[in-house]
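Working notes, structure below.
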Number of protein chains: 2
Amino acid sequence: MRTPNRPIDRFYSVIPAGGIGSRLWPLSRADAPKFLHDLTGSGQTLLRDTWDRLAPLSGPDRVMVVTGRAHRAAVEAQLPELEDHNVVLESEPRDSSAAIGLAAAILNKREPGVIIGSFAADHVIKSEPLFRHAVAEAVAAADAGYIVTIGIQPTEPAIGFGYIKTAQQLDIEGAPSALSADSFVEKPSLAIAKRYVANGHYLWNAGMFIARADRLLEELGKTEPELLAGILELAEAWDTPERGAVVDKVWPKLKKIAIDYSVAEPAAAAGTLAVIPGQFDWDDVGDFASIAKLHSGGRKRDLAILGEGARVLADSSSGIVVSHTGRMIALIGVEDIVVIDTPDALLVTTSANAQKVKSVVDALKLSGSSDVL
Amino acid sequence: MRTPNRPIDRFYSVIPAGGIGSRLWPLSRADAPKFLHDLTGSGQTLLRDTWDRLAPLSGPDRVMVVTGRAHRAAVEAQLPELEDHNVVLESEPRDSSAAIGLAAAILNKREPGVIIGSFAADHVIKSEPLFRHAVAEAVAAADAGYIVTIGIQPTEPAIGFGYIKTAQQLDIEGAPSALSADSFVEKPSLAIAKRYVANGHYLWNAGMFIARADRLLEELGKTEPELLAGILELAEAWDTPERGAVVDKVWPKLKKIAIDYSVAEPAAAAGTLAVIPGQFDWDDVGDFASIAKLHSGGRKRDLAILGEGARVLADSSSGIVVSHTGRMIALIGVEDIVVIDTPDALLVTTSANAQKVKSVVDALKLSGSSDVL
């Protein structure tokens, strides 16, 4: 099977660009969320990387971005090709069911039968031909009526991701590797993650959802009928002069719920969810340990240095340094260290504690230090 | 025996205020050496603490400071009571034999028979009555013709200090606790330091020297006659209009040698060195581990926070943070950490590596990063 090298028929990409990335504080901030950073050393932001990956799949005029009003200018600066009618602005965050559901409803109204694929704005994918191949299979399964997710073949017993337990092979034309899903499981302990990887039937949940827009809305309506009603009311008014008034009235009342819970898990339980195993390198770069790993190629003894004009002098040290200040940074004998140096805030921790960074953000909120959030 | 509470007869304090304190980079700098910092939380610099300790012993008009030309203004700002004729400016550092020897020669010329006591500008002493008591004994032993040092009763097997091995009790009027010295030993390994402390005859070498100025010069002349000749030439011209010309000619050629080697060790070998055991708390605050200990009262699990307006949020962390930037500093799960945050340089290391900080300074010199030295 060949990888498609022209846009996929009837396909529309959706990029929910929300979420601050609290585990990446003080790099990621309310006014500079994770998707606006270059965390890979590619020379461009994760959002731009995401666009570059998706635009060839759907066509650049068929990529919709759902983001917060506060980020509109930054998003448009990153994506000059993004068309106005493809920008959906949230007045406040209402989680992924509302964001993706509204995109689905707007697009389905404009183009009945459209197939949407939702991909986070701040993930990292290497080996893009394999990614495009998986999306092509996912679209074929979506066309057959399935809610589809791409699950990533684990390369290690990661504890920072959720897993999907797969079941039997499905028989879908154009999607030869599609599997049915047995269940979704939350981030496991290391011992359980090891069992998952050894078992061979578990894939990482990368939060990629591909479906016919009408099918996605149908599934959403089964579990969250009120949320669906609100979304449909918004979509009805979206391309009319009523948009602003209806958004003000309806959006703030939408239930906050992740699409995993409102659509994916119920569909898995009902046997209408298909999983395409992705063989490509994927990471949600959810914390600094993940960024360090990304840059060290997995070698424990390396020190990853990020930041333009970084001046770092290191002696017997490993981990990650992010410098946004140009200051001289000297490290002596610190292993698996995480040093994030920004003009108004400094974080020092270790890779092993990377997941705890969110708790610092919570503590800063509680202590009234919102100036550095 | 009572502690003296008025100036000691014929006594003159000398404070060599030199040395950058490379192990305290990036706090201590060429233009802001260690003695100009408040490392104890006393609210004033170590130099001022030293002055306040010595001025009552000799009288404020009898404290001489030997420092570099570059530090003159800072020293005078710290010590407004310091009289002009008590300032000896070095055109460049020539080590302690030259600095203390010149002070001795100048003072001996002005006041034959004077007894000088030389005390570093950047050490920390608690329990000052015990210190004054030890100095009084040292002056009595000096008056009897001895070169005298005050050795500190060890409280732990420190590896950052040199040791003095003491021998038998001396019988000196006014100095009942004076001991003769067997030998001086350099900074030992931990195993050897433990033996020293268990042995009971070893004291820390705190670099305190008390002697009749003429005796000190006599001992110096035995080992370093050329150095002595240069010093005497300088002293001869010091209070005349020739000072500048003679300094320019003689000072840069003086041999660089520590007074420990030129005077103290030879005197110990010759049986003319007396040691007064000091029971007071003393530290040379030579590295960040030492500062951390000073502030934690020796408790390993504490986090010492220094710096005006420091904003530190710490979770399961211990060690020391010095903040000179006012930035928010967050620490998560880092133990015995050392974080020194200054406007143009940041150091992250551990207490165990505190002695290695000097090597970073050396590396910065070599790499041409003198802007942060």
So which residues in segment B:336-345 are of a type outside the set (D, E, K, R) and facing chain A (nearest Cβ under 7 Å), if there are any at all?
B:I337, B:V339, B:A345
Within segment A:6-49, how many residues turn out to be assigned to a loop (DSSP other than H, G, I, E, B) and more than 14 Å from chain B (Cβ to nearest Cβ)?
21
How many residues, within segment B:125-134, are assigned to a loop (DSSP other than H, G, I, E, B) and touching a Leu at 6+ places or on another chain (Cβ under 7 Å)?
0
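Please specify each residue of segment A:129-162 satisfying the condition of being among the aromatic types (F, W, Y) and farther than 17 Å from A:G271 by Cα. Walk me through how you get there before you give the answer.
Initially, segment A:129-162 is screened for residues among the aromatic types (F, W, Y), giving A:131, A:146, A:161.
A:F131, A:F161 - these are the residues of segment A:129-162 that are among the aromatic types (F, W, Y) and farther than 17 Å from A:G271 by Cα.
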Here the residues within segment B:160-184 that are exposed (fewer than 15 other Cβ atoms within 10 Å of the Cβ) and either touching a residue at least 60 places away in the same chain (Cβ under 8 Å) or of a type in the set (D, E, K, R) (or both) are B:D171, B:E173, B:P176, B:S183
If you check A:A304, A:A264, A:A292, A:A310, which single one turns out to be among the small types (G, A, S), under 22 Å from the mean Cα position of the chain (by Cα) and not assigned by TED's automatic domain parsing to the domain that holds A:P157?
A:A292
Across segment B:186-215, what is the number of residues that are of a type outside the set (S, T, Y) and assigned to a helix (DSSP H, G or I)?
12
B:E137 meets each of (1) over 11 Å from B:A274 (Cα atoms); (2) part of a helix (DSSP H, G or I); (3) of a type in the set (D, E) with one exception, condition (1)
Would it be correct to say that B:K365 is of a type in the set (K, R), farther than 30 Å from A:S359 by Cα and touching a strand residue (DSSP E or B) at 6+ places or on another chain (Cβ under 7 Å)?
no
Of the residues that make up segment B:185-205, is at least one touching a residue at least 60 places away in the same chain (Cβ under 8 Å) and either surrounded by fewer than 16 Cβ atoms within 10 Å (Cβ to Cβ) or not assigned by TED's automatic domain parsing to the domain that holds B:R53 (or both)?
no
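Report yes if B:L232 is surrounded by fewer than 22 Cβ atoms within 10 Å (Cβ to Cβ), over 22 Å from the mean Cα position of the chain (by Cα) and at pLDDT below 95, otherwise no. Talk me through it step by step, then tell me what you get.
On the way: surrounded by fewer than 22 Cβ atoms within 10 Å (Cβ to Cβ): yes; over 22 Å from the mean Cα position of the chain (by Cα): yes; at pLDDT below 95: no.
Here the answer is no, as B:L232 does not meet what is asked.
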Considering segment A:125-179 alone, what residues qualify as being among the acidic types (D, E) and within 18 Å of the chain's Cα centre (by Cα)?
A:E128
Residue match in segment A:56-76 (condition: touching a Lys or Arg at 6+ places or on another chain (Cβ under 6 Å) and outside any helix (DSSP H, G or I)):
no
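Residues B:V322, B:V348: which one is within 21 Å of B:V372 (Cβ to Cβ) and either surrounded by fewer than 21 Cβ atoms within 10 Å (Cβ to Cβ) or within 11 Å of another protein chain (Cβ to nearest Cβ) (or both)?
On the way: B:V322 fails: either surrounded by fewer than 21 Cβ atoms within 10 Å (Cβ to Cβ) or within 11 Å of another protein chain (Cβ to nearest Cβ) (or both).
After ruling out the rest, the residue left standing is B:V348.
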Residues A:T155, A:T166, A:T149: which one is β-branched (V, I, T), more than 20 Å from A:L217 (Cβ to Cβ) and modelled with pLDDT of 95 or more?
A:T166
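Given A:I116, A:I100, A:I106, which one is surrounded by 21 or more Cβ atoms within 10 Å (Cβ to Cβ), touching a Pro at 6+ places or on another chain (Cβ under 8 Å) and either at pLDDT 95 or above or assigned by TED's automatic domain parsing to the domain that holds A:G21 (or both)? Working first, answer last.
Details: A:I116 fails: touching a Pro at 6+ places or on another chain (Cβ under 8 Å); A:I106 fails: touching a Pro at 6+ places or on another chain (Cβ under 8 Å).
Result of the check over A:I116, A:I100, A:I106: A:I100.
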With the requirement that a residue be out of contact with any strand residue (DSSP E or B) (no Cβ under 9 Å at 6 or more places or on another chain) and either without any contact (Cβ under 8 Å) to a residue 40 or more places away in the chain or buried (at least 24 other Cβ atoms within 10 Å of the Cβ) (or both), what does segment B:43-69 give you?
B:G43, B:Q44, B:T45, B:R48, B:D52, B:P60, B:D61
Is it fair to say B:V357 is buried (at least 20 other Cβ atoms within 10 Å of the Cβ), over 23 Å from A:G368 (Cβ atoms), facing chain A (nearest Cβ under 10 Å) and β-branched (V, I, T)?
yes
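What do you reckon, is B:R212 within 22 Å of B:I15 (Cα to Cα), among the basic types (K, R) and in the same structural domain as B:A104 (by TED's automatic domain parsing)? Before the answer, list the steps.
Values: within 22 Å of B:I15 (Cα to Cα): yes; among the basic types (K, R): yes; in the same structural domain as B:A104 (by TED's automatic domain parsing): yes.
So B:R212 fits the description; yes.
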All but one of (1) under 12 Å from A:V65 (Cα atoms); (2) in contact with a Leu (Cβ under 9 Å, 6 or more places away or on another chain); (3) among the aliphatic types (A, V, I, L, M) hold for A:A141; state the number of the condition that does not hold.
(1)
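If I filter segment B:325-335 down to residues being facing another protein chain (nearest Cβ under 7 Å) and part of a loop (DSSP other than H, G, I, E, B), which single residue comes out as nearest to B:I20 (Cα to Cα)? Even if it seems obvious, please write down each step before you answer.
Within segment B:325-335, the subset facing another protein chain (nearest Cβ under 7 Å) is B:327-334.
Retained after the next criterion (residues that are part of a loop (DSSP other than H, G, I, E, B)): B:327, B:333-334.
On the way: B:R327: 26, B:G333: 32, B:V334: 28 Å.
The extreme case among them is B:R327.
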Within segment B:339-360, which residues are in a strand (DSSP E or B) and without any contact (Cβ under 8 Å) to a residue 60 or more places away in the chain?
B:V339, B:D341, B:V348, B:T350
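Would you pick out the residues in segment A:139-153 that are surrounded by 19 or more Cβ atoms within 10 Å (Cβ to Cβ) and more than 20 Å from A:Y261 (Cα to Cα)? Break it down stepwise before answering.
Step one: filter segment A:139-153 for residues surrounded by 19 or more Cβ atoms within 10 Å (Cβ to Cβ), giving A:139-143, A:146-152.
A:V139, A:A140, A:A141, A:D143, listed by residue number.
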Members of segment B:304-319 found to be more than 7 Å from chain A (Cβ to nearest Cβ), over 21 Å from B:K34 (Cα atoms) and hydrophobic (A, V, I, L, M, F, W, C), listed by number:
B:V312, B:A314
The one condition in (1) within 10 Å of chain A (Cβ to nearest Cβ); (2) more than 14 Å from A:L331 (Cβ to Cβ); (3) in contact with a Phe, Trp or Tyr (Cβ under 9 Å, 6 or more places away or on another chain) that B:L364 fails to fulfil:
(2)
Which condition from (1) in contact (Cβ under 8 Å) with a residue 12 or more places away in the chain; (2) surrounded by fewer than 15 Cβ atoms within 10 Å (Cβ to Cβ); (3) assigned to a loop (DSSP other than H, G, I, E, B) is the one that A:H85 breaks?
(3)
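The values are calculated or read from the model by the stated rules, or taken from the named source; none is laboratory data. If you're wondering where the values come from, they're calculated on a predicted model, not measured in any experiment. Cβ: placed from backbone, ideal geometry, glycine included. Neighbour counts: every protein chain shown.
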